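What follows is a set of notes on a single structure, which appears directly below.
The values are calculated or read from the model by the stated rules, or taken from the named source; none is laboratory data. A quick note: this is a predicted structure, and the numbers were derived from the prediction, not measured. Here the Cβ positions follow ideal geometry from the backbone for every residue, glycine too, while neighbour counts run over all protein chains shown. Heavy atoms of the whole protein, side chains included, go into the accessibility calculation; ligands, DNA and RNA do not. Shrake-Rupley method; radii C 1.70, N 1.55, O 1.52, S 1.80 Å.
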Amino acid sequence: MKTPSVSSWMAAVVASSLLLAGCSAGASDSGEQAKKDSMTIAFTAEPVNLDFTSTSGIAIPEALMENVYESLVRVDGEGEIQPSLAEDWDVSEDRKTYTFHLQKGVKFSNGADLTSEDVKFSYERVQDDWKNALKSKMDIVDSIETPDDLTVEISLKKPSNTWLFNMTSLVGAVFDTEGTDDLANEAIGTGPFSIEEFTRGQSIDFVARDSYWGETPAVKNVTFKYFQDAVSASNALKSGEIDVVSNLQAPELAGEFKSDDYQIISGTTNGEVVLSMNNAKGIFKDKKARAAVMHAIDRKAVLDTAWAGYGELIGSMVPPTDPYYEDLTGVWDYNPQKAKDLIKEAGIEGEEFAFTVPNLPYAKAISEIVSAQLKEVGLKANIETQEFPAVWLDKTFTKHDFDMSVINHAEPRDILTVFSNDYYIGYDDSKIKKIAEKADTGTEEEYISGMKKIARTITEDAAADFLFLFPNLVIAKSDVAGIPANRVSDAFRIADLSWN
């Protein structure tokens, strides 16, 4: 057998080395590209289904709005209304007719073209078929006309200062006329993503659409992964299982991420954390009992103890990003003796009541300190932890089977929805209804002053205790870009995310 020369042996070694180097470089590049193409984000409250037309709560629109479904208009991080499916619009002199001009070349994820008929179908369906209580935001619409495929004329019953802003929320979502047969399981929209897989209670997998009419998302595959345990979400971020914690549900853990590997973003939201009391029946039907609770709660202590001081005391159902915000934290001072006196006057000393608490980290933490503070003034809260969303939405929200609860109302500008007769709190809205109607149809100045009056009336009625404004506390890997500091809409918009 002929022995190979040294030179030929060396040539083979060099060739092999180059081949291995090429394979390694390719694998590295491929792995890096795979990372850039995907992102996993942790959330707390998971959707029970994909149908926000019949199911209340923030979890579904948080995942679907601006990602799968779009409206004619959207709201930016500063709370300003911007074009979306409508490239522009005109308003008549009497402020009752809006003419929207649709974007050209928009397709739904099933391949159907967006036309004005889809808009008409979607908005008439809100009025006729929706079960979500937020459908009332569309009651003011009188008629919808479609002069051509790209023009929609929407006439209101009267001028409205709130309607266009309401259209940036889930009630403004545009559906395909043939795409609403199975909304609980299938979401067909015009947005930059479609849903590849929905695993109830676990995750939603989004994939970027090649046929999207707008700017192509930088990240092609995004997963929303749901954790009820904040520690598990934090550990998942540390281990690399996820890339972003959308809103840290244990703020005391934030200090663990103070390093160059992570970024901590703290901003504001629309989320008023409300200690709700059943105004319609039970122990808190009496305003004296509700007033006792207002004086018994040390809201600063609740914020510091339950949420590590993150958030903001506001005293009303209005966040500072809304034009009619007013600091009402001084209306009800912390006064345990006054609370005891009111409890005695109401004849409820030592009484027990049902405190139904969704099994969400902030709610469970708040319930413990609130119950302790109420016990000090002579009221005994029987805490009943309920699975969220299924059980809480059924028993507390829908059937109104509760005395007290606590929930983060995250929908924007929802004060008139939450404090209406048929909502779960059962507030008698007769005092504010006429004020709201006059404010909505008046000038901008009349609108702001009227809404301030409404917010103050609700607070002075002790309709609920507004504990604090929920913070937007996001923890992410240091090379994630595009995370907004503020959350002032229903949506967690993922099209803006990218890797540095």
Kindly indicate whether any position in the stretch 371-378 is open to solvent by 60 Å² or more (accessible area, probe 1.4 Å), out of contact with any Cys (no Cβ under 6 Å at 6 or more places or on another chain) and acidic (Asp, Glu).
-> yes
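Test residue 383 against the stated conditions and say whether it is within 19 Å of residue 279 (Cβ to Cβ), outside any helix (DSSP H, G or I) and among the aliphatic types (A, V, I, L, M).
On the way: within 19 Å of residue 279 (Cβ to Cβ): no; outside any helix (DSSP H, G or I): yes; among the aliphatic types (A, V, I, L, M): yes.
It is false that residue 383 is within 19 Å of residue 279 (Cβ to Cβ), outside any helix (DSSP H, G or I) and among the aliphatic types (A, V, I, L, M).
Does residue 301 satisfy being modelled with pLDDT of 95 or more, hydrophobic (A, V, I, L, M, F, W, C), open to solvent by 10 Å² or more (accessible area, probe 1.4 Å) and closer than 30 Å to residue 457 by Cβ?
On the way: modelled with pLDDT of 95 or more: yes; hydrophobic (A, V, I, L, M, F, W, C): yes; open to solvent by 10 Å² or more (accessible area, probe 1.4 Å): yes; closer than 30 Å to residue 457 by Cβ: yes.
Yes; evaluated as a whole, the condition is true for this residue.
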Which of the strands (runs of 3 or more DSSP E) contained wholly in the stretch 85-155 include at least 3 residues that are open to solvent by 40 Å² or more (accessible area, probe 1.4 Å)?
-> 86-91, 141-148
Just checking, how many residues over the stretch 231-268 are open to solvent by 10 Å² or more (accessible area, probe 1.4 Å), touching a strand residue (DSSP E or B) at 6+ places or on another chain (Cβ under 8 Å) and hydroxyl-bearing (Ser, Thr, Tyr)?
-> 3
In the stretch 196-241, anything in contact with a Lys or Arg (Cβ under 6 Å, 6 or more places away or on another chain) and either of a type in the set (A, V, I, L, M, F, W, C) or over 21 Å from residue 476 (Cβ atoms) (or both) is listed as 208, 211
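Say we look at the stretch 161-180 and pick out the residues that are in a loop (DSSP other than H, G, I, E, B) and aliphatic (A, V, I, L, M); which of these is surrounded by the most Cβ atoms within 10 Å (Cβ to Cβ)? Give the derivation first.
At the first step, the residues of the stretch 161-180 found to be in a loop (DSSP other than H, G, I, E, B) are 161-162, 167-169, 173-180.
Now drop any that are not aliphatic (A, V, I, L, M), which leaves 167, 173-174.
Numbers: 167: 24, 173: 27, 174: 25.
Top of the filtered list is 173.
So which residues in the stretch 323-366 are among the charged types (D, E, K, R) and not in a strand (DSSP E or B), if there are any at all? Before you say what the answer is, go through the steps one by one.
Narrowing the stretch 323-366 to residues among the charged types (D, E, K, R): 326-327, 333, 338, 340-341, 344-345, 349, 351-352, 364.
If the condition is that a residue be among the charged types (D, E, K, R) and not in a strand (DSSP E or B), then 326, 327, 333, 338, 340, 341, 344, 345, 349, 351, 364 are the ones that fit.
Can you tell me which residues in the stretch 37-80 are in a loop (DSSP other than H, G, I, E, B) and of a type in the set (S, T, N, Q)? Break it down stepwise before answering.
Within the stretch 37-80, the subset in a loop (DSSP other than H, G, I, E, B) is 44-58, 66-68, 70-72, 76-80.
Selection gives 44, 49, 53, 54, 55, 56, 67, 71.
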From the list 291, 280, 301, which one is over 20 Å from the mean Cα position of the chain (by Cα) and in a loop (DSSP other than H, G, I, E, B)?
-> 280
Residues of the stretch 191-230 satisfying the condition of being open to solvent by 30 Å² or more (accessible area, probe 1.4 Å), out of contact with any Phe, Trp or Tyr (no Cβ under 8 Å at 6 or more places or on another chain) and over 30 Å from residue 114 (Cα atoms) | 228, 229
